[in-house]
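These notes are about the structure you will find just below.
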Amino acid sequence: MDGFTFRGYYGSRATDRTGPAVPARAGNAAAAGDAATGGVTDGAATDAASSLPAPLEAVGPRLASPVGTAQDREGNVWIADAGHNRLLVVDDGLERLLAVVGGVGTEPGRFDLPMRLAHHPTARAVYVADTGNGRLQRLDYEYDGAAPRVTAAEAFAADGPFHPNGVVAHEYWDGVRVIAADEFYHEGSDLRGRLVVFDEAGEQVRSFRAVGDDNPTPLYWPQGLDTDDEGRIYVANTGYGVLHDGPTGPPKLATVVRCDRTGAAAPFEGLADETLAELPMPRDVAVVGSGADAQIFVPDAATGRVHTYTSVGIADGVVPEDGEDIRANAALEDGIGLPHDGGIPHDGRGRGDDSDPADAAGQDRFRGPVGIDDFEGVSVPNSDADDPTLAVLTAEALAQRVGAYAVDIHTESARRLGSVGAPRDGPGQFSAPTGSTVVDDPESPLGRCALVGDGGNGRLQRVAFGDATGESDDSTAVTDGGSVADADRDGDRPGGDRSGGRVDPVALPATRFPFGLAYWPAGTGGGGRLFVTDYTAHYREADRTGQIHVYAVDEAPAGGSGEDGDAGTGAGAGVSLTLVDSFGPWGMGEGEAKLPRGIAVDPRGEGVARVWVADSANGRIGVWDYDRVLDGAQARGDRGCFGYVDGGFWNPSDVAVGERGVYVADENNNRLQRFDGDDWHPVGEPGYDGDREFLLPISVAARDDHLFVLDLVSRSVRVFAEDAAADGGLRPVDEHRAFGGDAAAGELWLPYLLSVGDASDAAGVDVVVPDSTLHVAQHYAWNGA
C-alpha cells in the first residue's frame with residue numbers, strides 16, 4: 001500500500017526534464033559531431049574577467065550540493081552540480097562558464113544525482129558517477145575554441161543493483177581501469193558495499209567488498225576514491241563506523257583505507273596496516289603530488305577540517321585548526337556536528353599576502369567539505385620543499401560552492417584562490433533546509449502553513465500551501481557561454497514552487513543555524529510560541545545562554561520593514577517573531593546540551609508544556625518544562641545516555657510525542673526507541689528492506705495514533721500504527737520510497753526533519769520533508785487508514 005500523494009515542492013526549481021539526448025558512443029559520426037546535441041550548451045567563450053568586479057562567491061551561479069570535480073587537459077574544471085543534475089565547466093581561473101552539460105533524465109548525457117567525476121588518464125573523456133540512474137557515464141568531448149563540447153556519451157553499470165558514489169580512472173601496465181565505489185550495494189543481511197573494477201570498454205573485471213585477506217576491513221558505504229602513481233586505491237569508507245560490528249558495537253569512526261585493484265591490502269609504510277585514518281565523516285580522498293613527496297588530503301564533513309598525511313600515512317597537518325579551536329570543540333572529535341564558517345580572512349581573490357584581517361571568531365573552517373581534488377597547473381607563492389603550499393579544489397556542501405585553496409601544510413592554514421557558487425539567500429530560496437513544522441492555528445498570524453528551517457541562511461521560510469496543480473514550468477538550465485557572473489540560470493525564482501503557494505523568509509533573531517522546530521499554539525487570543533534548536537559546531541561564549549530559542553509569534557507593526565523577525569511582504573507579512581527565552585546552554589551537565597537537533601512540545605495544561613530535545617552530541621534526550629506565562633524553562637533531568645543498550649543513544653536526531661510514549665530517532669544505532677515513562681523499548685535493526693529495518697532513521701513525527709519515520713539511506717517515509725499488540729509496539733502500515741535527485745518528481749537525496757499536520761486543502765495528513773541537497777521542501781499527503 002502507498003497512500004502517499006506528491007503535492008509539490010517549495011523552493012528552488014529543478015532543471016529541465018526534457019530535450020534531446022547526447023548521442024550514444026556507438027559509431028554515428030554524424031550525430032556525434034552535431035553541435036546541437038541536447039543536454040549540453042556550449043558557446044563561444046568570451047573574456048569576461050573584467051565583468052567580475054565582485055568576489056566570485058558573491059556573483060557566480062547557484063550550485064546545489066556540488067560534490068565531484070575534475071580537471072581536463074586544458075586545465076578547465078568540471079563540476080558535478082548534483083542537486084541540479086548537471087555538470088558545469090569553468091575555466092582554470094574559476095571566472096568563466098564554458099559549458100553546462102545535462103539536466104535530469106535517463107537519456108545519455110543526462111543525470112540523476114551526478115555525484116563524482118574522474119578524467120580519463122589520456123583521452124578527452126570524463127567519467128561521471130550517475131548515482132540515481134545507477135550507472136557510470138563516459139562523456140567524450142572536443143574543444144571548439146575555448147569551450148568544451150560533448151560529442152558522445154556511453155553508459156555502463158555493474159552486475160546487480162548499482163549506486164556509484166565514487167569513481168577514479170588509472171592507466172595500469174595492462175590498460176586503463178575504471179574503479180567505482182558502489183555505496184549502497186548489499187546482499188541480504190550482509191550490508192557491505194563494494195568496489196567495482198571495469199576495463200576501458202566498460203566491461204566489469206571484478207568486484208570486492210573488503211580490503212585484505214587476514215582480518216579484512218569491510219567496505220560500508222564507500223564514496224570518494226583516488227589512486228596514486230603506483231595505481232593503489234584510496235577509499236573513504238564512510239559507513240564503517242555505523243555498520244561494522246565490533247565486540248561492543250560499531251566503532252563509531254569511519255575510515256580511509258588503501259588497497260590494490262584486486263582488493264588486497266596496501267599497508268602504509270609509516271603505519272601498522274592499510275587504514276590511513278579514522279575520522280567522523282570522511283567523504284573523499286585525494287592524492288596530490290607523486291612518489292615520496294605526495295600528500296594525501298581527506299575532508300571531514302563533520303568538523304569542517306581537511307586532514308593531510310604524508311605518502312607513508314603520517315599525519316602532516318589539519319586545516320584549519322589551533323589549540324583553542326580544539327578545546328572549544330572537543331566534543332566534535334567523535335564525529336558529531338556541522339561546521340560553521342566564521343568568515344574568510346581575505347577577499348576571496350587570492351591576493352597571496354597577509355594583509356587581510358583575521359576572522360573575529362579566530363576560525364576559518366571549511367563548510368561541510370565533501371569533495372577534494374588536486375588543482376593542477378596552479379602556481380602558489382611561498383611554496384618550497386620544506387614548507388609546501390599545495391593547491392586543491394574543495395567542494396563545500398554547506399556553503400554550496402567549489403573553492404580553490406592554497407593549503408599550507410605546516411602552518412595549517414588555507415587561502416582561498418577563488419570559488420564558484422553564489423549564495424542561495426533570495427526570497428523563496430533555501431540553503432540547506434533542515435527542520436519543519438506544520439502549523440494550523442487560525443488564532444495566530446501564521447494561520448495555516450508550514451515553517452521550514454533555512455539552515456544555511458539562518459532564518460525560516462514560511463510556506464503558504466497553495467492548490468496543487470501537478471504542473472511544472474521548469475526551464476532548461478543552460479547558458480551561451482560568458483562569465484560565471486552571467487550563469488545564474490538554474491531556474492531559481494522568488495517564491496517558486498510547483499504547488500502554487502508562496503515561500504517567504506522569516507528572520508530569526510539570535511539563531512544562527514535553525515534545525516529543529518516545534519510550534520505550541522496559544523489556544524485563544526495569541527500567536528503561540530515557536531521553539532527552535534540552534535545546531536552549530538562553532539561554539540561561542542554566548543551559547544552559555546542557551547541553544548534552544550523560544551519566540552513569541554505576534555502580528556507585526558503596520559508597515560514593517562522586515563527587521564527584527566518581521567517577514568515584510570508576501571505570505572509572511574504581518575508576522576513578527578520576538579525572542580522571549582533561550583535555554584539549554586552548551587555543556588554536558590543537567591539542563592545543558594551540545595548540538596541539539598529535533599524538538600517536540602507536549603502541552604500539559606495551565607500554560608505549561610513538556611519540551612523534549614534530541615541532544616545529539618551528548619547522546620541523550622533533554623527534558624524541560626516550559627511556562628508560557630513566565631516565558632521560562634525548568635530542567636527536568638535527562639533521559640538516556642550514550643551507548644548501544646536500551647536507553648543508549650548514538651547521535652539521536654529527532655523526537656516525537658505519541659499516544660504510547662516518546663519516540664526517538666536513534667540515528668546511528670539504526671533503530672527507534674520508545675520511552676513509556678519508565679523504560680526504553682528499542683524498535684528495529686539495520687537493513688534495507690523496510691518494515692522495521694532502518695539505516696540512519698533521521699526523523700520521527702506523531703499524529704492520530706500513527707508514527708511517521710524518515711529513513712535516510714533508503715529515502716523512505718514510513719508509517720506505523722501505535723499498537724500495544726505489535727512487536728515493539730509499532731505496526732507497519734505504509735511506506736513511500738523516493739530515492740533520486742529530481743525535486744519536481746518528489747524525490748529525496750539528503751532529507752532532514754519531517755513534520756506532519758493538517759493545514760492544506762489536501763485530503764489526509766500533510767507531510768513536509770525538507771531536503772538539504774535539493775534545497776526544497778517536499779510536500780506529500782498521506783491518505784492511509
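Tabulate in residue order the Karplus-calculated ³J(HN,Hα) for the range 83-94, using 6.51 cos²θ - 1.76 cosθ + 1.60 with θ = phi - 60°, rounded to whole Hz; enter x for Gly and Pro.
Using θ = phi - 60°, the values come out as x, 9, 6, 8, 10, 10, 10, 10, 6, 6, x, 6 Hz.
Whose amide H sits under 5 Å from the amide H of Asp316, counting only residues 5 or more places off or on another chain, with H placed in the peptide plane?
When sequence neighbours closer than 5 places are left aside, the close amide H contacts are Thr308, Tyr309, Thr310.
Once you list every other residue whose beta carbon is under 9 Å from the beta carbon of Pro222, what net charge do they have if Lys and Arg are +1 and Asp and Glu are -1?
-1
Starting from 0.36 nm per residue, how many nanometres of slack lie between Glu230 and Val580 once their C-alpha separation is accounted for?
Fully extending the segment from Glu230 to Val580 adds 119.9 nm.
Give me a comma-separated list of calculated 3J(HN,Hα) values for the range 3-8, in order, Karplus coefficients 6.51, -1.76, 1.60 applied at θ = phi - 60°, integers in Hz, x for any Gly or Pro.
x, 8, 10, 6, 9, x
For the peptides 214-226, 676-688, what is the packing order when you average, over each peptide's residues, the other Cβ atoms within 10 Å and list the highest mean first?
The packing order, highest mean first, is 214-226, 676-688.
In nm, give the distance between the simple-model label positions of Thr262 and Asp646, each being 7 Å from the Cα along the Cα-to-Cβ direction.
A separation of 5.0 nm, rounded to one decimal place.
Sorted by mean Cβ packing within 10 Å, highest first, what order do the peptides 120-132, 611-623, 199-211 take?
Listed from highest to lowest mean packing, they are 611-623, 120-132, 199-211.
Scan around Gly643 for amide H atoms under 5 Å from its own, H built in the peptide plane at 1.01 Å from N, and keep only partners 5 or more places away or cross-chain.
So Gly643 has HN proximity to Phe649, Trp650.
Once amide H atoms are built 1.01 Å from N in the peptide plane, which residues 5 or more positions from Val767, or in another chain, come under 5 Å H to H?
Under 5 Å from the amide H of Val767 lie the amide H atoms of Tyr780, Ala781, Trp782, each far enough along the sequence or on another chain.
All other residues with a Cβ under 14 Å from the Cβ of Ala391 taken together, and with Lys, Arg as +1 and Asp, Glu as -1, what is their net charge?
-3
Values quoted throughout were computed directly from the atomic coordinates according to the rules given, and no laboratory measurement underlies them. Every value quoted in this text rests on a predicted model; they were computed, and no experiment measured them. Cβ: placed from backbone, ideal geometry, glycine included. Neighbour counts: every protein chain shown.
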